[in-house]
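Remarks on the structure that follows.
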Amino acid sequence: MTFYDLNIQTSLSIGENTVEEMAQMARHLGFSGIGIVRYFTSEASELPKAEGIDLVSCLMIKASKAQDLNDLAKKARDKAEVLMVHGGNYDVNRAACENSMVDVLCHPELGRKDSGLDHICVRAAHDNNVAIELNFREVLESYKRNRIYTLSSLKKNIELCKKYNTKIITSSAAINKWGMRSGRELASIANILGLELGKAIETVSTVPENIVKRNREKLSGARMEGVKIEDK
C-alpha cells in the first residue's frame, strides 16, 4: 500500500533533521512519499533528491488575517506541489476553506479550546476541495487539559468532515525523525477518533497521494479546467 505523510518539518523550516535524514526514516517506516514543508517566501529553492522515496514540495502560508491569506495564496500557488495554510485563527481557517487554491488546512484547532471549524467552514472546504489535517504532533506534544481539548477538537472536526464528505489527511507534522510514525499508526489515530478503518487508512494513502498527483498534473500543464490531455 502507498502511504504519504504530507507534513514533515526539516531543517529547511522548523525541523531538527535534514531532508535526507527524514527521508531515510520515512523509507524505514514504509512511506512512498513525504511532504517537505517550507514556509512561503518569495524565493524557494528546489528540494534535494532522495533515493527510493517521493519528496513532495509543500509550502505553508502563515497569515494573520483572511485577506493576507488570499493574497499569499495567489503568489504561492504555482510554486507548490501542495499548498498548505497554518491554521488556528478562525477567520484564517474559514478563508482557507473558502479558497480553491488551498490544498490543506493544517491544525485548525491550534491554540484554541474549540475545534476551529464549524459547518460553514467544512462545507466550504468540501466545495473547494480543501482537505482538513489531523495533526498528530498536536496530540503528542499536548498534555493534561490541553490534550483533552486537542482530542475533543480533532474528534469534532472528523464528525463535521464526515457529515459534509470533506477530505481529511492525517500527518505526523514531525519536527525530527523520532516524531515520525508509520502510515498505519497515523491511520489508527484517525480510526480511534471516529473514522471507519478504511477511511482512516485513506487519510494517509489515497487522499494525500491524489492531492499530489492532481497538482503535479496542473503544474505540468496536463490538466486545465477539468480536462486532462492524454499522451499519444
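The values are calculated or read from the model by the stated rules, or taken from the named source; none is laboratory data. These figures come from a predicted structure and were not determined experimentally. Heads up, the Cβs are rebuilt from the backbone with ideal geometry, glycines too, and the neighbour counts pull from every protein chain shown.
The residues on offer are ALA50, ALA95, ALA66, ALA124, and the sole one that is closer than 28 Å to THR2 by Cβ and aliphatic (A, V, I, L, M) is ALA50.
Within the span defined as the range 92-105, every residue fails to be in contact (Cβ under 8 Å) with a residue 12 or more places away in the chain and more than 17 Å from the chain's Cα centre (by Cα). Scanning the range 94-111 for residues that are farther than 18 Å from CYS58 by Cα and surrounded by 24 or more Cβ atoms within 10 Å (Cβ to Cβ) returns a single hit, GLU109.
Considering the range 61-87, and only residues there that are within 20 Å of VAL212 (Cβ to Cβ) and of a type in the set (Asp, Glu), the residue that is surrounded by the fewest Cβ atoms within 10 Å (Cβ to Cβ) turns out to be ASP78.
Being assigned to a strand (DSSP E or B) and more than 25 Å from ARG214 (Cα to Cα) is the filter here; which residues of the range 117-148 pass it? Of everything in the range 117-148, nothing turns out to be assigned to a strand (DSSP E or B) and more than 25 Å from ARG214 (Cα to Cα). Every listed requirement among (1) among the acidic types (Asp, Glu); (2) under 22 Å from TYR39 (Cβ atoms); (3) modelled with pLDDT of 95 or more is met by ASP78 save one, (3). Restricted to the range 13-28, and to residues there that are in contact with a Ser or Thr (Cβ under 7 Å, 6 or more places away or on another chain) and not hydroxyl-bearing (Ser, Thr, Tyr), the residue that is surrounded by the most Cβ atoms within 10 Å (Cβ to Cβ) is MET22. Can you find even one residue in the range 164-178 that is over 28 Å from VAL92 (Cβ atoms), among the polar types (S, T, N, Q) and part of a loop (DSSP other than H, G, I, E, B)? No. Can we say GLY116 is surrounded by 23 or more Cβ atoms within 10 Å (Cβ to Cβ), among the small types (Gly, Ala, Ser) and in contact with a Gly (Cβ under 8 Å, 6 or more places away or on another chain)? It is true that GLY116 is surrounded by 23 or more Cβ atoms within 10 Å (Cβ to Cβ), among the small types (Gly, Ala, Ser) and in contact with a Gly (Cβ under 8 Å, 6 or more places away or on another chain).
Of all the residues in the range 159-176, those that are under 13 Å from ALA125 (Cβ atoms) and of a type outside the set (Ser, Thr, Tyr) number 8. For the range 149-162, filtering for residues that are among the polar types (S, T, N, Q) and either within 27 Å of ARG214 (Cα to Cα) or not in a helix (DSSP H, G or I) (or both) leaves 1. Scanning the range 138-155 for any residue that is in contact with a Leu (Cβ under 8 Å, 6 or more places away or on another chain), within 27 Å of ASN17 (Cα to Cα) and buried (at least 19 other Cβ atoms within 10 Å of the Cβ) turns up at least one such residue. Taken over the range 44-81, residues that are over 25 Å from ARG112 (Cα atoms) and of a type in the set (A, V, I, L, M, F, W, C) amount to 8. Taken as a whole, the condition of being crowded, with 21+ Cβ neighbours inside 10 Å and among the aliphatic types (A, V, I, L, M) applies to ILE36.
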